[in-house]
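The values are calculated or read from the model by the stated rules, or taken from the named source; none is laboratory data. Quick caveat: nothing in here was measured; it's all calculated off a predicted structure. Cβ: placed from backbone, ideal geometry, glycine included. Neighbour counts: every protein chain shown.
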Amino acid sequence: MLDGFQKTATRTGEIRNAPGKSPRKILVLFGTRPEAIKLAPVIFELKKHKSFQTVVASSSQHTNLLAPVLEIFKIKVDYDLDVMTPNQTPNTVGAKVLEKLDAVLADEKPDVILVQGDTTTAFAGAFAAFNRKIKIGHIEAGLRSGNLLSPFPEEANRRLISQLATFHFCATDGNKRNLTAENINEKTIFVCGNTVVDALHFILKNKKPSAKIKKLLAETHGLKRILLTTHRRESFGDAMAENLETLRDFVFKNKDVAVIFPVHPNPNVRTATEKILANRERTFLLEPLDYADFAALMKAAWLIVSDSGGVQEEAPSLGKPLLVLRENTERPEAIETGIARLVGGNLKRFLEENYADESWINSVGKIANPFGDGTAAKQIVDILSQIFNAKAQSREDAKNNMKVGNLKV
């Protein structure tokens, strides 16, 4: 084991090998709230599988946002890399994850590391595994916006992970086509749906909103609720201020509209929000919510306005109309099916048009979810099991062939 391990990561749990045949070791890495939500169903499925030993590592790229997710999904973290610092940059996060995770990989020697999406944690985790010749499974692979700088730095992260990954688990056929266009071996690509659908189904079935959210829903009963989320780096500054001002004016003008905004803790978001939306009528600014409360607000929304990637997958799962606060999207399926619309810099026009004519808003609930049926995690784990069983069988066949070849007839 590692000497002085506390300097690199905090070991929070004991991991026991399954009895009998030695299981394959899978290390699951996340660091942000969305990653944990999307990997929770995968962790559930892995732990049900006797042929896998599951190790869970968190970079804690998010801290306050991450803790409620771990609680609600009952995820036990075995290694906490604890990289979070105030005003951290992607380079700071990446460097710390590389250093601290490397010690974990050296100690645990996993057969595969699973990373999700396009965060700095995901890229650094994939890079650390690559440097130790550990197989990499990339969940939510193949997303592409076509613009390396938007979203930033996520588009670059996801492209780089694709060059390192051994297995690519895609949500859609379109994601698969993106990878094959980049000459990724088609035999390593698997279309499974998106695991956020699994997570959302679990939450809606098993968790109830808090008393605080129930009270808020009662207070806004009869109003057209706009659920807002915005936090991406490319939204900071003038773009975010303009969108917040547009929503402020729209709510003021239309007395049957309310905006509900769980405010991201990033200082860039908080400062703009306090300046523009604080103490406004029918404007509810909330602290970050646990996933059950956020799911309840999505389900109760008249309209969702967001720059989030995950919300572009969650809104279709709930049949909710979505205005995407971005110039482009790596999830064109949401746009192509008609569930979401790209706003760019035209939020005012989109709000006013759909307030005047609600035909689009009322039609979205009838559109099938392009991101899967809620079985993505099981498919991913089954595929991993098949891959390792096939390799084990191949090795066994090779041994038998050698034995037969050595027989003297």
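Does Lys275 count as farther than 29 Å from Leu149 by Cβ, assigned to a helix (DSSP H, G or I) and not aliphatic (A, V, I, L, M)?
Working: farther than 29 Å from Leu149 by Cβ: no; assigned to a helix (DSSP H, G or I): yes; not aliphatic (A, V, I, L, M): yes.
No; evaluated as a whole, the condition is false for this residue.
For the stretch 142-161, how many residues are under 14 Å from Arg177 (Cα atoms) and either among the acidic types (Asp, Glu) or in contact with a helix residue (DSSP H, G or I) (Cβ under 6 Å, 6 or more places away or on another chain) (or both)?
4
Which one of these does Lys76 not meet: (1) crowded, with 19+ Cβ neighbours inside 10 Å; (2) basic (Lys, Arg); (3) within 24 Å of Leu289 (Cβ to Cβ)?
(1)
Across the stretch 221-248, which residue is surrounded by the fewest Cβ atoms within 10 Å (Cβ to Cβ) among those that are touching a Pro at 6+ places or on another chain (Cβ under 9 Å) and assigned to a strand (DSSP E or B)?
So the residue we want is Thr229.
Select from the stretch 124-180 the residues that are in contact with a Ser or Thr (Cβ under 8 Å, 6 or more places away or on another chain) and of a type in the set (Ser, Thr, Tyr) and write down the one among them that is farthest from Arg326 (Cα to Cα).
Thr166
Just give me the residues in the stretch 114-132 being within 17 Å of Phe388 (Cβ to Cβ) and over 16 Å from the mean Cα position of the chain (by Cα), in sequence order.
Let us first name the residues in the stretch 114-132 that are within 17 Å of Phe388 (Cβ to Cβ), namely 114, 129.
Of everything in the stretch 114-132, just one residue is within 17 Å of Phe388 (Cβ to Cβ) and over 16 Å from the mean Cα position of the chain (by Cα), namely Ala129.
Quick check, is Arg159 part of a helix (DSSP H, G or I), under 27 Å from Lys109 (Cα atoms), over 15 Å from the mean Cα position of the chain (by Cα) and not small (Gly, Ala, Ser)? Please lay out each step first, then the result.
Working: part of a helix (DSSP H, G or I): yes; under 27 Å from Lys109 (Cα atoms): yes; over 15 Å from the mean Cα position of the chain (by Cα): yes; not small (Gly, Ala, Ser): yes.
Judged against the criteria, Arg159 is a match.
Just for helices (runs of 4 or more DSSP H) wholly inside the stretch 58-149: which have at least 1 residues that are of a type in the set (Phe, Trp, Tyr)?
Filter on the stretch 58-149 gives 120-131.
Considering only residues that are among the polar types (S, T, N, Q) and either surrounded by fewer than 21 Cβ atoms within 10 Å (Cβ to Cβ) or more than 21 Å from Val263 (Cα to Cα) (or both), look in the stretch 309-358 and name the one that is modelled with the lowest pLDDT.
Once the filter is applied, the top-ranked residue is Asn328.
Going by the structure shown, is Pro288 more than 23 Å from Lys214 (Cβ to Cβ) and in the same structural domain as Glu333 (by TED's automatic domain parsing)? Full working, then the answer.
Working: more than 23 Å from Lys214 (Cβ to Cβ): no; in the same structural domain as Glu333 (by TED's automatic domain parsing): yes.
The answer is no for Pro288.
If you go through the stretch 85-107 one residue at a time, do you hit one that is surrounded by 20 or more Cβ atoms within 10 Å (Cβ to Cβ), modelled with pLDDT of 95 or more and more than 25 Å from Leu160 (Cα to Cα)?
no
Any residue at all in the stretch 163-179 that's hydrophobic (A, V, I, L, M, F, W, C), touching a His at 6+ places or on another chain (Cβ under 6 Å), in the same structural domain as Leu101 (by TED's automatic domain parsing) and under 16 Å from Pro110 (Cα atoms)?
Yes, because at least one residue in the stretch 163-179 is hydrophobic (A, V, I, L, M, F, W, C), touching a His at 6+ places or on another chain (Cβ under 6 Å), in the same structural domain as Leu101 (by TED's automatic domain parsing) and under 16 Å from Pro110 (Cα atoms).
For the stretch 149-162, indicate whether the set of residues that are surrounded by fewer than 18 Cβ atoms within 10 Å (Cβ to Cβ), without any contact (Cβ under 8 Å) to a residue 40 or more places away in the chain and over 25 Å from Ser235 (Cβ atoms) is non-empty.
no
Answer yes if at least one residue in the stretch 201-219 is within 22 Å of Thr119 (Cα to Cα) and either in contact with a helix residue (DSSP H, G or I) (Cβ under 8 Å, 6 or more places away or on another chain) or outside any helix (DSSP H, G or I) (or both), and no otherwise.
Checked against the condition, which is being within 22 Å of Thr119 (Cα to Cα) and either in contact with a helix residue (DSSP H, G or I) (Cβ under 8 Å, 6 or more places away or on another chain) or outside any helix (DSSP H, G or I) (or both), the stretch 201-219 yields no hits at all.
Quick check on this structure: which one of Gly146, Gly193 is touching a residue at least 40 places away in the same chain (Cβ under 8 Å) and farther than 30 Å from Ala300 by Cα? Outline the logic, then answer.
Numbers: Gly193 fails: farther than 30 Å from Ala300 by Cα.
Going through Gly146, Gly193 in turn, just one is touching a residue at least 40 places away in the same chain (Cβ under 8 Å) and farther than 30 Å from Ala300 by Cα: Gly146.
Would the stretch 260-273 turn up any residue that is of a type in the set (D, E, K, R) and at pLDDT below 95?
Taking every residue of the stretch 260-273 in turn, at least one turns out to be of a type in the set (D, E, K, R) and at pLDDT below 95.
I'd like the residue in the stretch 111-123 that is touching a residue at least 40 places away in the same chain (Cβ under 8 Å) and not polar (S, T, N, Q) and, out of all such residues, is surrounded by the fewest Cβ atoms within 10 Å (Cβ to Cβ). Show your work before the answer.
Residues of the stretch 111-123 that are touching a residue at least 40 places away in the same chain (Cβ under 8 Å), as a first pass: 111-122.
Filter once more, so that each one left must be not polar (S, T, N, Q): 111-115, 117-118, 122.
On the way: Asp111: 16, Val112: 20, Ile113: 29, Leu114: 29, Val115: 32, Gly117: 25, Asp118: 26, Ala122: 30.
Applying the filter and picking the extreme gives Asp111.
Take the residues of the stretch 163-179 that are within 16 Å of the chain's Cα centre (by Cα) and over 25 Å from Asn131 (Cα atoms): which is surrounded by the most Cβ atoms within 10 Å (Cβ to Cβ)? Please lay out each step first, then the result.
Our first condition is that a residue be within 16 Å of the chain's Cα centre (by Cα); within the stretch 163-179, this holds for 168-172, 175.
Now drop any that are not over 25 Å from Asn131 (Cα atoms), which leaves 171-172, 175.
On the way: Ala171: 26, Thr172: 20, Asn175: 22.
Ranking the candidates gives Ala171 first.
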